[in-house]
Amino acid sequence: MTPVTRQEVLGLYRKIFRIAKKWQSASGQIEETITEKEYIKKEAKTLFRKNKDVTDPKLIKQYIEECEARIEIGLHYNIPYPRPIHLPPMGLAHKQGRTFRHQEKLRKISKPIYLKSHDEIS
């Protein structure tokens, strides 16, 4: 990891914790705000620790873009959780065969950048 990339990653990590510190839930309830703050901190720690040994520059860039996208979406919609994609599960494919594999491939390709690592840790 280059020094510039390291600084960028550490800056994102600090930015997430500053956001968590100031976070207010959309409903304004104290319990919900605390839950959402804890979720933001836990999610950041989990993902950053999981990816701490990544050395591929392309993969690091992809993770940085995902992090920035999740921050922007969370701040815009005031929701800390990843926004779901609206694809009906197994809506068009049979449960086996070539059509099923094709449907799975299309679903994987169409997944937005901000959800790439979410399913890996869930």
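The values are calculated or read from the model by the stated rules, or taken from the named source; none is laboratory data. Only a predicted model underlies this, so the values are computations on that prediction, with no experimental measurement involved. Cβ atoms come from the backbone with ideal geometry, glycine included; neighbour counts cover every protein chain shown. Note: areas computed on protein heavy atoms with side chains; ligands, DNA, RNA excluded. Shrake-Rupley method; radii C 1.70, N 1.55, O 1.52, S 1.80 Å.
Some notes on this structure:
- Close pairs (8 angstrom Cβ cut-off, 6 or more residues apart or separate chains): within 14 Å of Thr5 (Cα to Cα) in the stretch 42-59, surrounded by 13 or more Cβ atoms within 10 Å (Cβ to Cβ) and among the polar types (S, T, N, Q) anywhere: Asn51/Ser117; Pro57/Thr5
- Positions within the stretch 46-72 being under 12 Å from the mean Cα position of the chain (by Cα) and either open to solvent by 30 Å² or more (accessible area, probe 1.4 Å) or charged (D, E, K, R) (or both), in sequence order: Thr46, Phe48, Gln62, Tyr63, Glu65, Glu66, Glu68, Arg70, Glu72
- Those helices (runs of 4 or more DSSP H) lying entirely in the stretch 1-115 with at least 1 residues at pLDDT 90 or above: 3-22, 30-50, 57-77
- The stretch 60-72 residues that are at negative phi, paired with ones that are in a helix (DSSP H, G or I) and acidic (Asp, Glu) (beta carbon under 7 Å, 6 or more apart): Ile64/Glu8
Every residue, every condition in (1) within 14 Å of Ile19 (Cα to Cα); (2) of a type outside the set (S, T, N, Q); (3) out of contact with any Phe, Trp or Tyr (no Cβ under 6 Å at 6 or more places or on another chain); (4) not assigned by the TED database to the domain that holds Trp23, yes or no:
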{"position": "Lys37", "(1), (2), (3), (4)": "yes, yes, no, no"}
{"position": "Ala44", "(1), (2), (3), (4)": "yes, yes, yes, no"}
{"position": "Gln62", "(1), (2), (3), (4)": "no, no, yes, no"}
{"position": "Gly74", "(1), (2), (3), (4)": "yes, yes, yes, no"}
{"position": "Ile79", "(1), (2), (3), (4)": "yes, yes, yes, no"}
